[in-house]
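K.L.:
I'd like to ask some things about the structure below.
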Amino acid sequence: MSLMTGLKSALAENNYESAKNALADATPDRDGLVSLSAAFMFLSLVYRYPDKPVYDTLEKYIPEFQSFVDEYTAEPLLLTERREMEYDYVRLFINAPGGMKANPYASCWMSDEKLLWGEQMIRLKELMASEGFEMSSSVTELEDHIGVVLEFCSVLTEKLASDSQSCGVGSVFALLEIMRDFFPVFAGSFASKVIENAELGFYKTSGILVQGFLADAEHIFEELIFEGQ
């Protein structure tokens, strides 16, 4: 049984002792974890409303992440005029005739009723509270919005990268639980709707990017935590 399989089994059983044993053999690539954290944060930014501060930040950092984008799509991630991006963002993720085109809230994809505030949402809030994660007062989205979830993953990964002694079991468990329960939703139904309904190339490419990257994320994380194992 691989170390990651043992770690995931410990997560399923909520067995911290088994997780500690698995992580005792971990040889984390801390520079790689920093890069993974940055990728999560960049993708979180892509799925925020493109007001001027967000737009300006994207304009600054897109060139630095172009190689990351190139790993998953041949289409460049190109900004267009900000008002055009605001319009497409609203119709995709907030409101449009007949309803938003790609609901960005995970809980709406995780139950037959497609309602917010399901069991998954409550569990996510518990994970965030246990890790001391607090959303900025300026953030109006709920916790299971793709942008917020990705920011949380960035914070968790950064914590693991900065732990000079060992990987914290709680943070690892939280990250693996999100990868198990939330990433398939965002990489699956959500990404498909974004790709299908986006009018701008920026958001169509962002759909392809989230589809590929989140499908790979657990494998990338395993390689970084158990480097050389």
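K.L.:
State the number of residues belonging to the range 1-21 that are of a type in the set (A, V, I, L, M, F, W, C) and more than 11 Å from Phe173 (Cβ to Cβ).
P.N.:
3
K.L.:
Only residues in the range 43-55 that are under 12 Å from Phe202 (Cβ atoms) count as the first member; pair them with residues that are surrounded by 19 or more Cβ atoms within 10 Å (Cβ to Cβ) and of a type in the set (Ser, Thr, Tyr), Cβ under 8 angstrom, at least 6 apart or cross-chain, and list the lot.
P.N.:
Between residues of the range 43-55 that are under 12 Å from Phe202 (Cβ atoms) and residues that are surrounded by 19 or more Cβ atoms within 10 Å (Cβ to Cβ) and of a type in the set (Ser, Thr, Tyr), the close pairs are Val46/Ser206; Tyr47/Ser206; Pro50/Tyr89.
K.L.:
Could you say whether any residue in the range 139-160 is farther than 21 Å from Leu214 by Cα and not aliphatic (A, V, I, L, M)? Outline the logic, then answer.
P.N.:
Residues of the range 139-160 farther than 21 Å from Leu214 by Cα: 139-140.
Restricting the remaining residues to those that are not aliphatic (A, V, I, L, M) gives 140.
The answer is yes; a qualifying residue exists.
K.L.:
How many residues does the range 121-154 hold that are buried (at least 17 other Cβ atoms within 10 Å of the Cβ) and small (Gly, Ala, Ser)?
P.N.:
Matching residues across the range 121-154 total 2.
K.L.:
Would you check if there is a residue in the range 63-70 being in a helix (DSSP H, G or I), touching a Gly at 6+ places or on another chain (Cβ under 7 Å) and more than 19 Å from Gly207 (Cβ to Cβ)?
P.N.:
Looking for residues that are in a helix (DSSP H, G or I), touching a Gly at 6+ places or on another chain (Cβ under 7 Å) and more than 19 Å from Gly207 (Cβ to Cβ), one finds none in the range 63-70, hence no.
K.L.:
Every residue in the range 11-51 that is among the β-branched types (Val, Ile, Thr) and either assigned to a helix (DSSP H, G or I) or crowded, with 21+ Cβ neighbours inside 10 Å (or both), please. Write out each step before concluding.
P.N.:
Step one: list which residues in the range 11-51 are among the β-branched types (Val, Ile, Thr), which gives 27, 34, 46.
Once the filter is applied, which keeps residues that are among the β-branched types (Val, Ile, Thr) and either assigned to a helix (DSSP H, G or I) or crowded, with 21+ Cβ neighbours inside 10 Å (or both), the range 11-51 yields Val34, Val46.
K.L.:
If the requirement is being among the aliphatic types (A, V, I, L, M) and modelled with pLDDT under 95, which of these qualifies: Leu45, Leu116, Leu36, Leu92?
P.N.:
Values: Leu45 fails: modelled with pLDDT under 95; Leu36 fails: modelled with pLDDT under 95; Leu92 fails: modelled with pLDDT under 95.
Just one listed residue meets the conditions, Leu116.
K.L.:
Now a separate question. Only residues that are over 12 Å from Leu209 (Cβ atoms), surrounded by fewer than 15 Cβ atoms within 10 Å (Cβ to Cβ) and of a type in the set (D, E, K, R): list them for the range 52-85, please.
P.N.:
Lys52, Asp56, Glu59, Lys60, Glu64, Glu81, Arg83, Glu84 - these are the residues of the range 52-85 that are over 12 Å from Leu209 (Cβ atoms), surrounded by fewer than 15 Cβ atoms within 10 Å (Cβ to Cβ) and of a type in the set (D, E, K, R).
K.L.:
Further question on the same structure: Take the residues in the range 71-86 that are in contact (Cβ under 8 Å) with a residue 40 or more places away in the chain and in a helix (DSSP H, G or I), then tell me which one is farthest from Met121 (Cα to Cα). I'd like the intermediate steps shown before the answer.
P.N.:
The first filter runs over the range 71-86 and keeps only residues in contact (Cβ under 8 Å) with a residue 40 or more places away in the chain, leaving 71-73, 75-80, 84-85.
From the residues that got through so far, the ones that are in a helix (DSSP H, G or I) too are 84-85.
Details: Glu84: 31, Met85: 28 Å.
Checked the range 71-86; the qualifying residue farthest from Met121 (Cα to Cα) is Glu84.
K.L.:
Further question: In the range 93-113, is there at least one residue being part of a loop (DSSP other than H, G, I, E, B), loosely packed, with under 14 Cβ neighbours inside 10 Å, among the hydroxyl-bearing types (Ser, Thr, Tyr) and without any contact (Cβ under 8 Å) to a residue 60 or more places away in the chain?
P.N.:
Yes - at least one qualifying residue is present in the range 93-113.
K.L.:
Looking at the range 137-148, which of its residues are within 20 Å of Asp51 (Cβ to Cβ) and out of contact with any Ser or Thr (no Cβ under 6 Å at 6 or more places or on another chain)? Quick ask: steps written out before the conclusion?
P.N.:
Here is the first cut: in the range 137-148, the residues within 20 Å of Asp51 (Cβ to Cβ) are 137-142, 145-148.
Result: Ser137, Ser138, Val139, Thr140, Glu141, Leu142, His145, Ile146, Val148.
The values are calculated or read from the model by the stated rules, or taken from the named source; none is laboratory data. These numbers come from a predicted model, not from an experiment. Every residue, glycine as well, gets a Cβ built from its backbone with ideal geometry; the counts of neighbours run over all protein chains shown.
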